[in-house]
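Asks: Take this structure, written in structure tokens, and hold onto it; I'll ask about it next.
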Amino acid sequence: MSDGLLLVFLRHLLPEWTITRDVHGVWRATGRTHVAASSVEGLVETIRAADPGGCARAVRWLTEPSGR
């Protein structure tokens, strides 16, 4: 999946967070706190640690038909 598509997807799943990727390839998110990671996987793990409820809602949206 392209970085641009990942950004759109993550922004939709985690609307409480402002998610970007800078010119150096660093993924950043600002929500309850500011986090940064060198990979999208690392960013999602960091967001999950900082906002487990937001990530749980995103998982429900993806897995439960009524979540949509």
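The values are calculated or read from the model by the stated rules, or taken from the named source; none is laboratory data. In this text, all values refer to a predicted model and were calculated from it rather than measured experimentally. Virtual Cβ from ideal backbone geometry, glycine too; neighbours counted across all protein chains shown. Side chains are part of the model used for accessible areas, which takes the heavy atoms of the whole protein and leaves out ligands, DNA and RNA. Shrake-Rupley method; radii C 1.70, N 1.55, O 1.52, S 1.80 Å.
Asks: From the set of residues in segment 1-58 that are more than 11 Å from the chain's Cα centre (by Cα) and of a type in the set (Lys, Arg), which is surrounded by the fewest Cβ atoms within 10 Å (Cβ to Cβ)?
Replies: Step by step, filter segment 1-58, then rank; the result is Arg32.
Asks: Hey, another quick one. How many residues are of a type outside the set (A, V, I, L, M, F, W, C) and touching a Leu at 6+ places or on another chain (Cβ under 9 Å) if we restrict to segment 4-56?
Replies: Adding up the residues that qualify gives 6.
Asks: Does any residue of segment 19-28 turn out to be over 18 Å from Met1 (Cβ atoms) and either among the polar types (S, T, N, Q) or touching a residue at least 40 places away in the same chain (Cβ under 8 Å) (or both)?
Replies: no
Asks: Where the second residue is open to solvent by 40 Å² or more (accessible area, probe 1.4 Å) and outside any helix (DSSP H, G or I) and the first is touching a residue at least 24 places away in the same chain (Cβ under 8 Å) and lies in segment 4-17, which pairs have Cβ atoms under 7 Å and are six or more apart or on separate chains?
Replies: Hits for this filter: Trp17/Thr30.
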